[in-house]
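One structure is given here, and the rest of the page talks about it.
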Amino acid sequence: MYNIQQMYILFWFRKSEAKKEVLQRKQDPKYDTLGSICCRVTLEKEFVEIGNVHIECRKSVWDAENQRLIGNDAKTKSHNKQLSDLKVKIERIFGLLQIEFEHVYAALVKEYVTEKKMFRYTISQLITEYFKDRQLEVKDKLIVQDTIDVQENYSRNFLNYLEQEKQLNIPPRAFDEKILSGFRAYLLSNFGFPHSYKHIVWVKSLFKHSLKKKRIKHNPLEDCEIGSDNTKPDTTHITVEQLAKLATFDFYDLAKRGFLTHQTARKCDLERDAFVFNCFSGMHHVDYTNKTFRIEQYKDAVFLKGSRQKTEHEFMVKLLEPALHILAKYGGEIKNLPVKSNQRRNDTLKQIAVFVGIPVVLSTKIARKTFTDIAINELMMEIKEVTACLGLKNDRYLEHYGRIREKRLAAKMTSWNDIMKSA
């Protein structure tokens, strides 16, 4: 039978006992006294003071009913976030204690909240707590959900390896470089170096984060050297000729000739349009899907403008004819452009590459890299201009999207004879 316990968390205002404040209150009963916010936990009619949470304020700005400070200034927002985070922390500790102990009492909750006692987490539990923390960062818009999705994939592979090696429930203190080396070998045999390196970096960050949150007393990987990712950035893209062929390819003709169904032809047509549009806009899949970008007219040109969800950096690009043709196809409305999840879109793009005869494994990332290659090597745009179009923080990150090719250098570097003529 389950023992269902209910816990109540109360934040309350405690008047300051400073002589000046006591005197002011005696002289003026309506004096807006200074005080501090304290925390109390009640569990089965037993309550315990967690203590002062180190937030000072006037009584008039404390909203006891809603358990928060009144105001919209940065300091008040920071204090309210502190209260919210503490409430979440206490609730999570209570949940873990219910798993650990048959009966939980208020004083026990306090011991763990004030860190007089610590849990003995398994690695699996550390991962669970890690992602709870990360989801709070998503809520506060410090990171985006896409980042979490990628890291959750790393964690699944990590847990699969530990389960395979029967080490799923080992305590963190038993984790060592030998286990990490085994995980690296497991990854290399399944994913290749670049992907493996990112997994290992994530595992190190897991233990570092757990130490910071005081879930472990020692980071077993603190002195572990994992080297650097010496692989060259992958700037795979499709050529101008391949892009032109793709943009005009008739999937419905294949359906008429019986090579695919009308439904598949329509799906390919939609996904091709989305891919080609992003080959000319350079947008990240998330920004394209959210459709927070806008279309603006500037003289005779049409511009696409927006803000990157991940970095909040502005991006801006002039739409060329193929992108304008696609936009017109969908009634000139952004909201009508086709949208699918990244995985489903990539699955369809792989099919499209086969139908069209493009020897590249197409993905949403390839569209962004194709835009970069066209901008740098075909349109001869300056690096900082391309960076602005992509919404990157600086041009250091540009190497992951494109590189200078011979075509650009051949056009940029004049002959010696031309130099001599102008001398």
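The values are calculated or read from the model by the stated rules, or taken from the named source; none is laboratory data. In this text the structure is predicted, and so the values were computed from the model without any measurement. Don't worry about glycine lacking a Cβ; one is built from the backbone with ideal geometry, like all the others, and counts go over all protein chains shown. The protein model used for the area step is the full one, side chains on, heavy atoms only, and it has no ligands, DNA or RNA in it. Shrake-Rupley method; radii C 1.70, N 1.55, O 1.52, S 1.80 Å.
Report the charge-dipole magnitude of the stretch 121-173 in Debye, nearest 20, computed about the Cα centre from +1 at each Lys and Arg Cβ and -1 at each Asp and Glu Cβ.
Dipole of the stretch 121-173, to the nearest 20 debye: 140 debye.
With N set to the residue count of the stretch 220-297, report its C-alpha Rg divided by 2.2 N^0.38 Å to two decimal places.
1.72
State to the nearest 20 debye the size of the charge dipole of the chain about its Cα centre, where the only charges are +1 on K and R beta carbons and -1 on D and E beta carbons.
Using Cβ point charges on Lys, Arg, Asp and Glu, the chain gives about 640 debye.
Going by accessible area, probe 1.4 Å, with all protein chains left in place, what is the ranking of Arg92, Arg368, Arg14, largest first?
Arg14, Arg92, Arg368
Report, in listed order, any pair from Lys45/Lys89; Lys132/Lys204; Lys139/Lys329; Lys117/Lys212; Lys329/Lys365; Lys77/Lys132 with a Cα-Cα distance greater than 27 Å.
Lys139/Lys329
From largest accessible area down, sort Arg25, Arg120, Arg344; use a 1.4 Å probe on the protein chains.
From most accessible down to least: Arg120, Arg344, Arg25.
Give me the percent of accessible area attributable to carbon and sulfur for the stretch 101-151, probe 1.4 angstrom.
51 percent
Excluding residues fewer than 8 places away in the same chain, name every one of the aspartates and glutamates whose C-alpha is closer than 16 Å to that of Lys141.
Asp85, Asp133, Asp149, Asp287, Glu312
Roughly how many Å² of Lys213 are accessible to a 1.4 Å probe, to the nearest 10?
Accessible area of Lys213: about 90 Å².
Might you report the magnitude of the Cβ-based charge dipole of the stretch 277-423 about its Cα centre, with Lys and Arg at +1 and Asp and Glu at -1, to the nearest 20 debye?
In total the dipole reaches around 400 debye.
Whole-Hz Karplus ³J(HN,Hα) for the stretch 384-394, in order, using 6.51 cos²θ - 1.76 cosθ + 1.60 and θ = phi - 60°, x for Gly and Pro?
5, 5, 5, 4, 5, 5, 7, x, 7, 5, 7
Loop-only GluC sites (Glu not before Pro) in the stretch 142-214, please: DSSP not H, G, I, E or B, and at most 15 other Cβ atoms within 10 Å.
Glu165
Let me see the pair-distance distribution of the stretch 374-423: every alpha carbon pair, 10 Å bin width, integer percents in order.
23, 42, 22, 13, 0
Give the average over all directions of the projected area of the C-alpha convex hull of the stretch 71-204, one decimal, in nm².
Spelled out: convex hull of the Cα atoms, projected over all directions, averaged, 10.6 nm².
So how do His285, His313 rank on accessible area, 1.4 Å probe, biggest first, that is with the largest at the start?
Correct descending sequence by accessible area is His313, His285.
Where only protein heavy atoms count, and the probe is 1.4 Å, what is the accessible area per residue for the chain in Å²?
That works out to 60 Å² for each residue.
Do any GluC sites (Glu not before Pro) in the stretch 1-105 lie in a DSSP loop with no more than 14 other beta carbon atoms within 10 Å, and if so, which?
Glu17, Glu44, Glu65, Glu102
Provide the three semi-axes, in whole Å and in decreasing order, of the ellipsoid equivalent to the stretch 236-351 as defined by the square roots of 5 times the Cα gyration tensor eigenvalues.
Taking √(5λ) for each Cα gyration eigenvalue gives 26, 16, 13 Å.
Compute the Cα gyration tensor for the stretch 101-179, then decide on rounded, prolate or oblate, letting a ≥ b ≥ c be the square roots of its eigenvalues: rounded whenever a/c is under 1.5, prolate when a/b is larger than b/c in the other cases, and oblate in all that remain.
Taking the square roots of the gyration eigenvalues as a ≥ b ≥ c, the stretch 101-179 is oblate.
If I take all pairs of Cα atoms in the stretch 1-136, what percentage of them are more than 20 Å from each other?
The answer is 56 percent, as a whole percent.
Let me know the shape class of the stretch 16-93, please: from the alpha-carbon gyration tensor, a ≥ b ≥ c as square roots of the eigenvalues, rounded when a/c is under 1.5, otherwise prolate if a/b is greater than b/c, or oblate.
Oblate is the answer for the stretch 16-93, as a/c is 1.5 or above yet b/c matches or exceeds a/b.
Let me know the Kirkwood hydrodynamic radius for the stretch 276-423, please, with Cα pairs as the basis and the value in Å to one decimal.
It is 16.8 Å.
Under the Kirkwood approximation for Rh and a Cα-based Rg, what ratio Rg/Rh is obtained for the stretch 202-262?
In the stretch 202-262, Rg relative to Rh is 1.48.
Given a Förster distance of 41 angstrom, what is the FRET efficiency for Asp140 paired with Lys245, based on the Cβ-Cβ distance and rounded to 0.05?
So, using R0 = 41 Å, E works out to roughly 0.35.
Quick check on the chain: helices-only [θ] at 222 nm, where DSSP H runs of length 4 and up contribute -39,500 (n - 2.57) each and the sum goes over total residues. Nearest 500, please.
Theoretical 222 nm ellipticity from helices: -15500 deg cm²/dmol.
Which aspartates and glutamates, on any chain, are close to Lys318 with Cα under 16 Å apart, when same-chain ones fewer than 8 places away are left out?
Filter leaves Glu296, Asp300, Asp373, Glu378, Glu382, Glu385.
Would you mind telling me the share, in percent, of accessible area of the stretch 299-418 contributed by carbon and sulfur at probe 1.4 angstrom?
The C+S portion of the solvent-accessible surface of the stretch 299-418 is 54 percent.
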